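See below for the structure under consideration.
The values are calculated or read from the model by the stated rules, or taken from the named source; none is laboratory data. As the structure is a computational prediction, the values presented were derived from the model and not from experiment. Here Cβ is always computed from backbone atoms with ideal geometry, including for glycine, and neighbour counts include all displayed protein chains. With ligands, DNA and RNA removed, areas are computed over all heavy atoms of the protein, side chains included. Shrake-Rupley method; radii C 1.70, N 1.55, O 1.52, S 1.80 Å.
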Amino acid sequence: MDVKVMSGLEFLKAMQKAGNRPPMAETMNVDLDCIEDGLVRFKCMPTNDHLNPGGTVHGGYAATALDSVLSLAVQTKLKDAFNFRGTSELNVKYIHPIKVGQVLYAEGRVVSMTRQTGISAGEIVDEEGKIYAYASGTVMIKPES
């Protein structure tokens with residue numbers, strides 16, 4: 001797989017097909033569930049490793065899952081799979097506490113693309129569609145050479 005000539009969508013689909021999980025996906029216990037043009041969804045299942053001192057899943061778990069799907073959704077729109085610099089802004093709203101063992105889905109969708117930024121929004125929901133967290137974010141895109 002020559003990633004240097006792949007689009008973002010092609011790269012993510014190839015990674016999913018090969019069953020490759022980056023180390024962060026292992027840490028977070030998430031799997032790529034759906035990859036489409038402008039949309040990425042993770043299946044998430046937080047563990048005891050993600051607990052805060054209050055006994056619920058740390059807010060950083062939701063923030064990290066949402067940051068990931070929001071930026072990957074933007075990556076699906078890029079002609080060059082790695083033509084981005086990273087998240088420049090992330091705004092997360094926590095709605096309900098997350099519990100260990102819940103099966104959740106973090107989904108990100110592209111809202112707007114320019115030559116310099118990708119803006120996306122998404123949420124974490126359970127299997128019934130109840131929203132646990134909502135986020136919007138901005139991803140910086142490298143200028144074309």
Where VAL103 falls short, out of the listed (1) surrounded by 13 or more Cβ atoms within 10 Å (Cβ to Cβ); (2) touching a Lys or Arg at 6+ places or on another chain (Cβ under 8 Å): (1)
Among the residues that make up the range 66-78, is at least one of them free of Cβ contacts under 8 Å to residues at least 40 places away in the same chain and either under 20 Å from TYR134 (Cα atoms) or touching a Lys or Arg at 6+ places or on another chain (Cβ under 9 Å) (or both)? no
Regarding the range 117-137, can at least one residue be identified that is modelled with pLDDT under 95, open to solvent by 30 Å² or more (accessible area, probe 1.4 Å) and either aromatic (Phe, Trp, Tyr) or touching an Asp or Glu at 6+ places or on another chain (Cβ under 8 Å) (or both)? no
Just the residues that are surrounded by 14 or more Cβ atoms within 10 Å (Cβ to Cβ), over 21 Å from LYS79 (Cα atoms) and not polar (S, T, N, Q), please, taken from the range 19-42. ARG21, ALA25, MET28, VAL30, ASP31, ASP33, PHE42
Taking the options LEU78, LEU72, LEU90, name whichever one is crowded, with 16+ Cβ neighbours inside 10 Å and over 14 Å from the mean Cα position of the chain (by Cα). LEU78
Inspect all residues belonging to the range 28-48 and state whether any of them is under 14 Å from the mean Cα position of the chain (by Cα) and in a helix (DSSP H, G or I). yes
Kindly evaluate LEU51 against the criterion of being under 21 Å from GLU10 (Cα atoms) and either open to solvent by 40 Å² or more (accessible area, probe 1.4 Å) or not polar (S, T, N, Q) (or both). no
